[in-house]
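The values are calculated or read from the model by the stated rules, or taken from the named source; none is laboratory data. This structure is a prediction, so every number in the text was calculated from the model and none was measured. Neighbour counts run over all protein chains shown; Cβ positions are idealised from the backbone, glycine included. Only protein heavy atoms, including side chains, enter the accessible area calculation; ligands, DNA and RNA are left aside. Shrake-Rupley method; radii C 1.70, N 1.55, O 1.52, S 1.80 Å.
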Amino acid sequence: MRLAGRRILLIISGGIAAYKALELIRAIRAEGGAVTPVLTRAAQQFITPLSAAALAESRALVDLFDLTDEAEMGHIRLSRASDLLLVCPASADILARMAAGLADDLATTLLLATDKPVMVAPAMNVRMWDHPATRANVATLKARGVHVIEPATGPMACGEHGPGRLPDVPLLVEALVAHFGAKTGPLAGRHAIVTAGPTHEPIDPVRYIANRSSGKQGFAMAAALAALGARVTLVAGPVALATPPGVVRHDVTTAQEMAAAVEAALPADLAVMVAAVADWRVERAPAKIKKGPGGPPELKLVENPDILAQVAAPGARRPRLVVGFAAETEEVVAHAVAKLGRKGCDLVVANDVSGDVMGGDRNLVHLVSVDGVETFPEGTKEEVAARLARRFAEWLHG
Ligand code: C5P
């Protein structure tokens, strides 16, 4: 019941994702939160006030004159009687009206009149999301302190593919939980360090060696640990991902910088090393290497620090639980078992990256410990992260 006692004014705007708002109402209620639904006119083309009201067990409001006590400034009271205003899904249209400060219906009037935090979960066609007008509106809203839940990437109802999808309902709930800083849960009071993403190893001032890691699994891991109440330090290589709510992020570029940032973040109760750290760096040339008659240059590779092995080494500052990830293309489990011993960590999450896992949205993992191997059902990276986070919490309590 991580949202117990929280009152959420849920503004549902028009869009195919509006049906997910119904699921969201149910999920917020399951966490103990109260929901007052407000539907825009466009939203009512997709779902009905009656279904929203039934799930919320609260009247659903659709226009200003629903507030019978409007003479007593009901819209102002309503917008301030909640702990949070959540616009979900937020269409391009309502984002534009919010940015412009319009108050031409109940939803926008409430948004303009409130003194409470506002969160938006945009969902729209990828071109609408990428349009400079929407980009500018989102930037304006962010600058005003509106919390934007970044849309997910994937296939859309319109048949196109890209960012613009409403994140899955469990993720929306985690964003709410993180917003309220619910430092309750099985990892409350624990500090977790998570590494994520690739590293870039410079060859010279303009070139570098990299890998295809997107950082998605590591970011999902950080979000899932925070949702269980942990204080999370996320050390991220170069990726274009939004920081999960409630997570403290340190951006780094190279493996050496990542090692230093992890060291600086210690002590911790658990360390989850998801990053695809480059095994080697290049002896960096001080100036841009030129083509010349001598043929291609020879790059001298130097071994990078093994961050996981360093963190897992015995010592007073070793976290109680150290977890490594193993991306393998063959003999996935066998290699993971070997890695347990070699790196000195407690658990290894083995994932098969022979398919399109790297950069993709789904993952299939095996959790390997000295006690055996547990294979998780295939799922989104968020689902996998949530399941792993629960296991880590059990491990720490065990
Ligand atoms: O040895 P391998 O690269 O397969 O090990 C993968 C695991 O070790 C991952 O958890 C990764 O984050 C970690 N690692 C590290 N520092 C390195 C190389 C790998 O922390 N230099």
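Checking each residue in segment 34-61 for being farther than 19 Å from Ala123 by Cα, in contact with an Asp or Glu (Cβ under 9 Å, 6 or more places away or on another chain) and open to solvent by less than 30 Å² (accessible area, probe 1.4 Å) picks out Val35, Ala60.
Residue by residue, here is whether (1) under 17 Å from Ala107 (Cβ atoms); (2) of a type in the set (S, T, N, Q); (3) not in a loop (DSSP other than H, G, I, E, B) holds:
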residue	(1), (2), (3)
Ile8	yes, no, yes
Gly15	yes, no, no
Ala21	yes, no, yes
Gln44	yes, yes, yes
Ile47	yes, no, no
Phe65	yes, no, yes
Pro89	yes, no, yes
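If I filter segment 322-329 for residues that are within 13 Å of the ligand (Cβ to nearest atom) and farther than 27 Å from Leu396 by Cβ, do I get at least one hit? Scanning segment 322-329 turns up at least one residue that is within 13 Å of the ligand (Cβ to nearest atom) and farther than 27 Å from Leu396 by Cβ. Take the residues of segment 110-123 that are surrounded by 20 or more Cβ atoms within 10 Å (Cβ to Cβ) and in contact (Cβ under 8 Å) with a residue 40 or more places away in the chain: which is farthest from Leu10 (Cα to Cα)? By that ranking, first place goes to Ala123. Criterion first (in contact (Cβ under 8 Å) with a residue 12 or more places away in the chain and either in a loop (DSSP other than H, G, I, E, B) or under 14 Å from Ala96 (Cβ atoms) (or both)) does Ala139 satisfy it? No: the conditions fail for Ala139. For the structure I just gave you, tell me whether Ile28 is in contact with a helix residue (DSSP H, G or I) (Cβ under 8 Å, 6 or more places away or on another chain), in a strand (DSSP E or B), open to solvent by less than 10 Å² (accessible area, probe 1.4 Å) and in contact (Cβ under 8 Å) with a residue 24 or more places away in the chain. No; evaluated as a whole, the condition is false for this residue.
Could you pull out every one of the helices (runs of 4 or more DSSP H) wholly within segment 296-398 that has 2 or more residues that are within 26 Å of Pro163 (Cβ to Cβ)? I'd like the intermediate steps shown before the answer.
Numbers: elements: 307-312, 332-343, 381-397.
Those helices (runs of 4 or more DSSP H) span 381-397.
Restricted to segment 294-312, and to residues there that are within 37 Å of the chain's Cα centre (by Cα) and more than 16 Å from Tyr208 (Cα to Cα), the residue that is most open to solvent (accessible area, probe 1.4 Å) is Gln310.
Looking at segment 72-91, can you tell me whether even one residue there is without any contact (Cβ under 8 Å) to a residue 24 or more places away in the chain and open to solvent by less than 50 Å² (accessible area, probe 1.4 Å)?
First, the residues of segment 72-91 that are without any contact (Cβ under 8 Å) to a residue 24 or more places away in the chain: 72-74, 77.
Cutting the leftovers down to open to solvent by less than 50 Å² (accessible area, probe 1.4 Å) gives us 74.
The answer is yes; a qualifying residue exists.
Give Ala34, Ala18, Ala53 a once-over and let me know the one that is modelled with pLDDT of 95 or more and out of contact with any strand residue (DSSP E or B) (no Cβ under 6 Å at 6 or more places or on another chain). Give the steps one after another, and end with the answer.
Details: Ala34 fails: out of contact with any strand residue (DSSP E or B) (no Cβ under 6 Å at 6 or more places or on another chain); Ala18 fails: out of contact with any strand residue (DSSP E or B) (no Cβ under 6 Å at 6 or more places or on another chain).
That would be Ala53, the only listed residue that is modelled with pLDDT of 95 or more and out of contact with any strand residue (DSSP E or B) (no Cβ under 6 Å at 6 or more places or on another chain).
Within segment 159-212, being under 20 Å from His250 (Cα atoms) and among the hydroxyl-bearing types (Ser, Thr, Tyr) holds for Thr195, Thr199. A count restricted to segment 133-144 and to residues that are over 14 Å from Ala121 (Cα atoms) and either buried (at least 16 other Cβ atoms within 10 Å of the Cβ) or at pLDDT below 90 (or both) stands at 3. Assessment of segment 259-280 against the conditions (assigned by TED's automatic domain parsing to the domain that holds Pro202, within 15 Å of Ala196 (Cα to Cα), away from the ligand (no atom under 16 Å from the Cβ) and out of contact with any His (no Cβ under 6 Å at 6 or more places or on another chain)) yields no matching residue.
For Lys291, the conditions (1) over 23 Å from the mean Cα position of the chain (by Cα); (2) within 16 Å of the ligand (Cβ to nearest atom) all hold with the exception of (2).
The number of residues in segment 282-293 that are touching a Lys or Arg at 6+ places or on another chain (Cβ under 9 Å) and open to solvent by 60 Å² or more (accessible area, probe 1.4 Å) comes to 2. Total residues in segment 83-106 satisfying the condition of being within 25 Å of the chain's Cα centre (by Cα) and either among the hydroxyl-bearing types (Ser, Thr, Tyr) or under 20 Å from Ala123 (Cβ atoms) (or both): the figure is 15.
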